[in-house]
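S.K.: Below you will find the structure I want to go over with you.
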Amino acid sequence: MKTGFRFTKRNLFWVLAFAAIVLLTFGGLMLMRFINYKKAGKLLDEGKYEQAYDAFKDLNGFLESEEKLAEAKKEMLRNAKAGSRVYFGYYFTGDESDDRKDDDIAWTVLEVDGDTALLISEKVIDHYYWVRNYYDLSNDEIPNWKDSLLRKYLNNTFYTTAFNEEEKQRIVDSEVKTGDEEIGDYFRDKVESVTSEDVCVDKVYVLSFSEAMKYFPTDEKRKSECTFFAKDQAYHLELHLTYPRNAWEADSRSWWLRSILESEDGVRGMSYVGESGQIKMQLESTRGIRPVIRVSIK
């Protein structure tokens, strides 16, 4: 007795019906993506570049959306103004399934000066040392920005990883001072900036105390979110040695400043912005990073 599929008119009907459903579903999806592609193009033509960016991003390479996405990014940069968002470079973001997942870096424009714009990453996007073995160092051995591991990391590993050759050509050298700031009465106890005449020329750096106060005048404005990758880096670099994984979430949202501070009793430390947005003196050796770059926008 033979068994198995028998080709009948009834079976043919169901096969054709299933094929029709698949074609209609696929065709409907393609039509919807095409409509969204045209809408994104209209947003780009109307100069709504951030909305166009989001729309083309959602299309995941459909038709010429990658080229249009790049165009939207360039237009956002060309039309940058203080407080606006731009996308520049590519870096790890990470998630629970893939800690090396990457995406465009979102930046906040701090100021525009002629044909250049000063940018800071919207989020804490990495985590690294200022110096290793902080507690083994005397006051005089704590390095300033010029000699910090953080500076070397940002201007080498991060710079090489985050930017392609075209983007590197757009990044302008910045003269970065390393001390002599007026701290004022921000701290309850007397705290001063450690004097230094060093001026560095950097591609990438972090804000000083006074720059953080200038561009983010309140604690609330200095608060920052962080990427999963930054949190993961915090855990793997150092904090896992003394804290369980769920204890370093808050520390991962803090971010380095480059000013070395000295308290009234003569203790020196590195400055950083805490989770609450308050500026503090660092007594450990790692924190999050919100890189700063100056780029040509024309």
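The values are calculated or read from the model by the stated rules, or taken from the named source; none is laboratory data. The structure presented is a predicted model; accordingly, all values stated were derived computationally and were not measured. Note that we place each Cβ from the backbone using ideal geometry, even for glycine, and neighbour counts take in every protein chain shown.
S.K.: So, in segment 254-271, of the ones that are acidic (Asp, Glu) and over 27 Å from Val124 (Cα atoms), which residue ends up surrounded by the fewest Cβ atoms within 10 Å (Cβ to Cβ)?
M.R.: Asp265
S.K.: In segment 117-130, which residue that is among the β-branched types (Val, Ile, Thr) and within 19 Å of Ser208 (Cβ to Cβ) is surrounded by the most Cβ atoms within 10 Å (Cβ to Cβ)?
M.R.: If we take residues in segment 117-130 being among the β-branched types (Val, Ile, Thr) and within 19 Å of Ser208 (Cβ to Cβ), then Val124 is surrounded by the most Cβ atoms within 10 Å (Cβ to Cβ).
S.K.: Touching a residue at least 12 places away in the same chain (Cβ under 8 Å), within 25 Å of Gln233 (Cβ to Cβ) and in a loop (DSSP other than H, G, I, E, B), is that true of Asp95?
M.R.: yes
S.K.: Further, regarding this structure: Report every pair of residues separated by at least 6 positions or lying on different chains whose Cβ atoms are under 7 Å apart, first residue within segment 58-77 and part of a loop (DSSP other than H, G, I, E, B), second charged (D, E, K, R).
M.R.: What qualifies is Leu59/Arg33; Phe62/Arg33.
Residue-wise test of (1) closer than 16 Å to Leu154 by Cβ; (2) basic (Lys, Arg); (3) modelled with pLDDT of 95 or more.
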position: Glu165; (1), (2), (3): no, no, yes
position: Glu175; (1), (2), (3): yes, no, yes
position: Tyr186; (1), (2), (3): no, no, no
position: Gln233; (1), (2), (3): yes, no, no
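S.K.: Residues in segment 152-163: is at least one farther than 16 Å from Gln233 by Cβ, small (Gly, Ala, Ser) and out of contact with any helix residue (DSSP H, G or I) (no Cβ under 8 Å at 6 or more places or on another chain)?
M.R.: Looking for residues that are farther than 16 Å from Gln233 by Cβ, small (Gly, Ala, Ser) and out of contact with any helix residue (DSSP H, G or I) (no Cβ under 8 Å at 6 or more places or on another chain), one finds none in segment 152-163, hence no.
S.K.: Also, I was wondering about something else. Answer yes if at least one residue in segment 183-200 is touching a residue at least 40 places away in the same chain (Cβ under 8 Å), in a loop (DSSP other than H, G, I, E, B) and farther than 27 Å from Asp219 by Cα, and no otherwise.
M.R.: Taking every residue of segment 183-200 in turn, at least one turns out to be touching a residue at least 40 places away in the same chain (Cβ under 8 Å), in a loop (DSSP other than H, G, I, E, B) and farther than 27 Å from Asp219 by Cα.
S.K.: Can you find a residue in segment 137-153 that is in contact with a Ser or Thr (Cβ under 8 Å, 6 or more places away or on another chain), outside any helix (DSSP H, G or I) and either outside the structural domain of Glu262 (by TED's automatic domain parsing) or buried (at least 17 other Cβ atoms within 10 Å of the Cβ) (or both)?
M.R.: Scanning segment 137-153 turns up at least one residue that is in contact with a Ser or Thr (Cβ under 8 Å, 6 or more places away or on another chain), outside any helix (DSSP H, G or I) and either outside the structural domain of Glu262 (by TED's automatic domain parsing) or buried (at least 17 other Cβ atoms within 10 Å of the Cβ) (or both).
S.K.: For segment 239-272, which residues satisfy the criterion of being at pLDDT 65 or above and assigned to a helix (DSSP H, G or I)?
M.R.: Scanning segment 239-272 gives Asp251, Ser252, Arg253.
S.K.: Same structure, new question: Select from segment 56-70 the residues that are within 21 Å of the chain's Cα centre (by Cα), closer than 16 Å to Lys42 by Cβ and surrounded by fewer than 16 Cβ atoms within 10 Å (Cβ to Cβ) and list them in ascending order.
M.R.: Passing the criteria: only Asp58.
S.K.: Also, quick follow-up: Among the residues in segment 23-34, are any at pLDDT below 85, surrounded by 12 or more Cβ atoms within 10 Å (Cβ to Cβ) and either assigned to a helix (DSSP H, G or I) or within 32 Å of the chain's Cα centre (by Cα) (or both)?
M.R.: yes
S.K.: Test Tyr129 against the criterion of being more than 22 Å from Ala82 (Cβ to Cβ), assigned by TED's automatic domain parsing to the domain that holds Thr227 and modelled with pLDDT of 95 or more, and give yes or no.
M.R.: It is false that Tyr129 is more than 22 Å from Ala82 (Cβ to Cβ), assigned by TED's automatic domain parsing to the domain that holds Thr227 and modelled with pLDDT of 95 or more.
S.K.: Taking segment 77-101 on its own, how many of its residues are modelled with pLDDT of 95 or more and among the β-branched types (Val, Ile, Thr)?
M.R.: Looking only at that region, the number is 1.
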